[in-house]
Amino acid sequence: MIKKTIASIFMLFVISANSYAVPEAALQVQSPEKTLFTDITYNGSSLIAVGKHGTVVTSLDGKAWQQANVPVQVLLTAVTSLSANLSWACGHDGTILFSRDDGRNWEIQQYSPDIGKPCLDIEFKDADNGYAIGAYGMFYSTQDGGKTWHKKFINEFVHPDDKEYLAQLKEEDIAAYEEETQFILPHFNRLLLLEGKQVLVGEMGLVALSDDDGKSWQRLEEFYPGSFFTVAKHKNNQLIVAGLRGNAFVTDIDKLDFNALPINTTATINSIVQVGQQAYLLANSGFIFKYGTQVAQSQLESGYSVLAAVKLNNKLFMATEKGLVAWEVEQ
């Protein structure tokens with residue numbers, strides 16, 4: 001059953017600690033490209049990478065990097081772009097940012113230190129409709145490009161023992177219900193938008209599908225109990241999910257019968273990037289697993305953990321724990 005007392009104490013602490021929190025702009029520093037980066041994207045014009053203390057950097061070619069103007073100092077965890085004029089990033093304190101000028105300047109769409117949760121992924125399917133997900137079942141959606149964000153509680157993921165209790169509590173005490181549902185769902189780590197489908201992965205073996213733009217969800221039967229940190233489409237009709245201790249699985253989208261990939265290293269896999277017919281699974285300690293039909297393993301000489309990457313020309317530009325790294329990729 002739910003540990004209401006613990007959750008209540010935690011929420012009181014978070015609220016008291018953040019009641020008077022005001023965001024401070026990220027500091028401009030020398031060599032900003034050498035800090036911790038968590039995600040990177042290419043918008044057709046520029047590379048945009050996000051990371052520690054609100055750091056955002058942009059580059060036209062991956063050689064010269066410029067630090068952006070960012071109104072927060074929180075750890076940023078994800079970035080996505082539809083074009084040079086439409087970029088979003090998210091991070092700790094429920095922060096969601098927007099840029100309309102190729103990632104050079106950012107504005108706050110949401111900043112919620114009182115909730116005490118990080119946003120861990122953000123995705124848009126068009127200029128209006130997007131989603132932001134994160135810790136303890138955080139799930140927000142927007143239909144106006146992020147001007148307003150709407151919170152959703154995914155009841156389908158509640159443990160059966162708690163559904164009746166929550167339903168009754170919602171009728172009797174809505175404030176207590178809101179408090180109780182703050183911490184009972186697993187962390188949502190990555191969201192994949194497909195044509196007509198969404199795939200959500202997270203903590204405690206969570207893999208779930210939605211066929212109606214996130215309005216309802218079906219959690220798949222557990223085939224691995226650990227956390228998944230990434231999901232990606234592979235080739236035309238396959239999915240790859242991956243996470244803790246090198247565990248990765250592949251399936252045909254129409255069958256959803258996941259089979260383990262033969263990875264013999266226990267490095268946690270953080271992200272997947274698709275290059276042609278090859279998937280590159282990016283992991284801690286600099287491990288990179290290339291998968292087409294077989295798995296081939298390589299490793300960065302630095303041993304830096306790789307959090308994300310994006311392809312530009314013949315290179316993968318990688319967001320690592322010690323900065324941005326360019327890595328030659330096979331065509």
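Some values worked out for this structure:
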item: Filter pass, N314 being touching an Asp or Glu at 6+ places or on another chain (Cβ under 8 Å) and not β-branched (V, I, T); result: yes
item: Condition check for A127: loosely packed, with under 13 Cβ neighbours inside 10 Å and either among the small types (G, A, S) or not in a helix (DSSP H, G or I) (or both); result: no
item: Pair list, Cβ < 9 Å and 6+ apart or interchain, from the range 199-218 residues that are under 18 Å from A135 (Cβ atoms) to residues that are among the small types (G, A, S) and modelled with pLDDT under 95; result: L200/G214
item: Considering residues of the range 287-306 that are touching a helix residue (DSSP H, G or I) at 6+ places or on another chain (Cβ under 9 Å) and buried (at least 20 other Cβ atoms within 10 Å of the Cβ) only, the residue farthest from E33 (Cα to Cα); result: F289
item: In the range 148-190, the residues that are in a helix (DSSP H, G or I) and of a type in the set (A, V, I, L, M); result: L166, A167, L169, I174, A175, A176
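The values are calculated or read from the model by the stated rules, or taken from the named source; none is laboratory data. Owing to the predicted nature of the structure, the values given are computational and were not obtained by experimental measurement. Virtual Cβ from ideal backbone geometry, glycine too; neighbours counted across all protein chains shown.
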